[in-house]
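Written below as structure tokens is the structure these notes are about.
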Amino acid sequence: MNFDYSFYYNDLLNFIKNRQPFNPDVVIILGSGLGSFANSVKKIVSINTSEIPGYPLPTVAGHNGFLHFAEIGTKKLLLFEGRIHFYEGQNIESTLLPIFISKELFVPNLLCTNAAGGINPNFSPGDLMIIKDFNSMNLKKDFSKKFGISTIGATDNLKKYPDNKLYRKLIDASFEEKVYLKEGSYFWTSGPSYETPAEIKMMQKFGFDSVGMSTVQEILLAAIFGISTIAISCITNMAAGIQNQKLNHEEVIATGKMVEDKFAKLVKRFVTNL
């Protein structure tokens, strides 16, 4: 790997390791409007990211800057409440800190969550969608140079996304909790502006079901590291041109609030079943 993250983030990683109470079973990255999940679990150690050397502060509403070591029953969690986005002016490495940290702490499983715009006209705000496939055209060049996407089995690992075991556990959890899931493909854009109706029509033509500004780079690096991964999008609004409405971030937060109970039930059952 060309980017030596362990040297670059040495102080940051040591700070977290010195406060680590256990070896987590799963890491969960909470997307826009989904941060309240952190209040539904037993937190053992909480770290404000402002205390962590070299950790950038989130600037987007709905992303509190906390790292939690937490428990659900007998399962141990590493929970990132707040995500750093590429459009916040950070480099690609900074957006990937949760994955670097997970690798250093030997976390075997990753659940990514995000807020996304719905492209599929059969979707509605409040739907939860398993990301079965994604666009990464704009990212693979950067990853080839910086992280070696074609090396150490990363390409083969990407073919295994979503991880089959995690997929089955998530489906089982959805039936057990009666929280029914959609499935679809996710188109990544760098942001921060929402897409135009013409761009959404193009994504529709290529068969994409949703669009958002995060997660894909996390899936790519997790593949390089061999971390078993699955991702869920909360469809918080319909994308530009799908419905006659103006897009705004307040709607994203409001829809996240609307789905927080069913999201918490689903994820808790999923983690318990691991």
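The values are calculated or read from the model by the stated rules, or taken from the named source; none is laboratory data. Treat the numbers as computed from the prediction; the structure is a model and nothing was measured. Here Cβ is always computed from backbone atoms with ideal geometry, including for glycine, and neighbour counts include all displayed protein chains.
Quick check: anything in segment 12-30 closer than 23 Å to Ile219 by Cβ, in a loop (DSSP other than H, G, I, E, B) and at pLDDT below 90? The answer is no; no qualifying residue exists. Of the candidates Ser233, Ser228, Ser214, the single residue that is modelled with pLDDT under 90 and closer than 28 Å to Ile101 by Cα is Ser214.
Counting only residues that are of a type in the set (S, T, N, Q) and in a helix (DSSP H, G or I), which one in segment 31-57 is farthest from Leu128 (Cα to Cα)?
Here the answer is Ser50.
In segment 16-52, what residues are acidic (Asp, Glu) and free of Cβ contacts under 8 Å to residues at least 40 places away in the same chain? Answer for segment 16-52, where residues must be acidic (Asp, Glu) and free of Cβ contacts under 8 Å to residues at least 40 places away in the same chain: just Glu51.
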